[in-house]
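Visitor: Could you have a look at this structure, given as structure tokens, before my questions?
The values are calculated or read from the model by the stated rules, or taken from the named source; none is laboratory data. Keep in mind that what you see is a predicted model, and the values were worked out from it rather than measured. Don't worry about glycine lacking a Cβ; one is built from the backbone with ideal geometry, like all the others, and counts go over all protein chains shown.
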Amino acid sequence: MNLPNKLTISRFILTVAFLVVMFSRMPYHETIALVLFSAAGISDYFDGRIARQRKLITNFGILMDPLADKLLVLSVLIVLVQEGLVAAWIVVVIFSRELLITILRSVGASQGQVIGAAPLGKTKTITQMAAVALLILQRPYPVLVPVADIAVLVAVVFTIFSGIDYLVRFRHLIGLGEGASGSQPSVDPLSRELGDLLVREGLTVAVAESCTGGLLGYLITEKPGSSAYFLGGVIAYADEVKREELGVPAALLSRHGAVSREVALAMAEGARTRFGAGLAASITCIAGPDANGTTKPVGLTYIAVASEGDRRCEEYSFTGDRWSNRRQAAAQALHLLIAEVRAKAGRRA
């Protein structure tokens, strides 16, 4: 278990400790409870930051990190309701929002789509934690009562709007909006965003895939009209295909192996050159369930993006099953392509 996951587990432990302290009514229990709550909030900040910086994103973290946040905030709010420090309807609003997101995540998981925390969702969590901290302090420090009331109002507003944001972006999962009909496939929100950006910037894209077997190309072409910007792709499972179709040097394959940063970059550049695209993405990974005779770990993934005058490659370590690892790899490739298009647009401005 990696460090971000341990920090997530620590948040569950700190939640239990908070409840014990609040119910014990020991001397200075509000202050001690606030320290515990603050420690839990700090762990929430660092587990996500470390996971992104060190490429330690896992299925456990994607699912359990938001759950730990919800359990922490809801447990604390229930205690505060019992203490008469917050109105019960506020807890009902927050709980209803969390139930909605849990349903969306469950449906998404059943369809092979992992729904992670959105920026607005993270903002919601920060406002809720700030409000809770002020609610805890308002009893020993009555001067904070009006500040706590304002903080609670802000938290409720962000809670409602973040719930609406999730519902709109993933409405196709529950049979609403485009893609709800069984005869019409849904369009991945990332694919839609990438397509809109490519059209706006007048760019084209190509792909080179190994372990994902065409999944990235499939996601990109889900969006109607994708022929305006998607030129094609190469599914280069075998090393000889990487050499012959993408121009990956045999020396790179021999020296670094097919699943490596160097080969991913060569695959992306090869796809861009072959199709004459504005930018290209490549994916090479060990999807599982075994390591195919190598010493590299299952879940190791390299995703590269190449454009004119610029190349980048990111390393990831996924810990799901074969389908989950492949789906996460394709999703991360879409993220990197979106980031590259935005960066190019920024440089032009």
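Visitor: What are the residues in the range 231-245 that are crowded, with 18+ Cβ neighbours inside 10 Å and in contact with a Lys or Arg (Cβ under 9 Å, 6 or more places away or on another chain), if any?
Guide: Val234, Ala236
Visitor: Would it be correct to say that Ala39 is in contact with a helix residue (DSSP H, G or I) (Cβ under 6 Å, 6 or more places away or on another chain) and either at pLDDT 85 or above or not in a loop (DSSP other than H, G, I, E, B) (or both)? Show your work before the answer.
Guide: Details: in contact with a helix residue (DSSP H, G or I) (Cβ under 6 Å, 6 or more places away or on another chain): yes; either at pLDDT 85 or above or not in a loop (DSSP other than H, G, I, E, B) (or both): yes.
Here the answer is yes, as Ala39 does meet what is asked.
Visitor: Determine whether the range 50-58 contains at least one residue that is within 21 Å of Pro140 (Cα to Cα) and in a helix (DSSP H, G or I). If you could, list the steps in order and put the result at the bottom.
Guide: Restricting attention to the range 50-58, the residues satisfying the condition of being within 21 Å of Pro140 (Cα to Cα) are none.
Scanning the range 50-58 turns up no residue that is within 21 Å of Pro140 (Cα to Cα) and in a helix (DSSP H, G or I).
Visitor: Can you name the residue in the range 67-104 that is buried (at least 17 other Cβ atoms within 10 Å of the Cβ) and outside any helix (DSSP H, G or I) and is also modelled with the lowest pLDDT among such residues?
Guide: In this case the residue turns out to be Leu85.
Visitor: While we're here: Are any of the residues in the range 147-163 surrounded by fewer than 18 Cβ atoms within 10 Å (Cβ to Cβ), more than 30 Å from Gly276 (Cα to Cα), at pLDDT 90 or above and within 20 Å of the chain's Cα centre (by Cα)?
Guide: We begin by selecting, within the range 147-163, every residue surrounded by fewer than 18 Cβ atoms within 10 Å (Cβ to Cβ); these are 147, 149-150, 153-154, 157, 160-161.
From the residues that got through so far, the ones that are more than 30 Å from Gly276 (Cα to Cα) too are 147, 149-150, 153-154, 157, 160-161.
Then keep just the ones that are at pLDDT 90 or above; that gives 147, 149-150, 153-154, 157, 160-161.
Restricting the remaining residues to those that are within 20 Å of the chain's Cα centre (by Cα) gives 161.
Among the residues of the range 147-163, at least one is surrounded by fewer than 18 Cβ atoms within 10 Å (Cβ to Cβ), more than 30 Å from Gly276 (Cα to Cα), at pLDDT 90 or above and within 20 Å of the chain's Cα centre (by Cα), which makes the answer yes.
Visitor: If Val248 satisfies every condition in (1) under 24 Å from the mean Cα position of the chain (by Cα); (2) farther than 17 Å from Thr204 by Cα; (3) without any contact (Cβ under 8 Å) to a residue 24 or more places away in the chain but one, which is the exception?
Guide: All conditions pass for Val248, except number (1).
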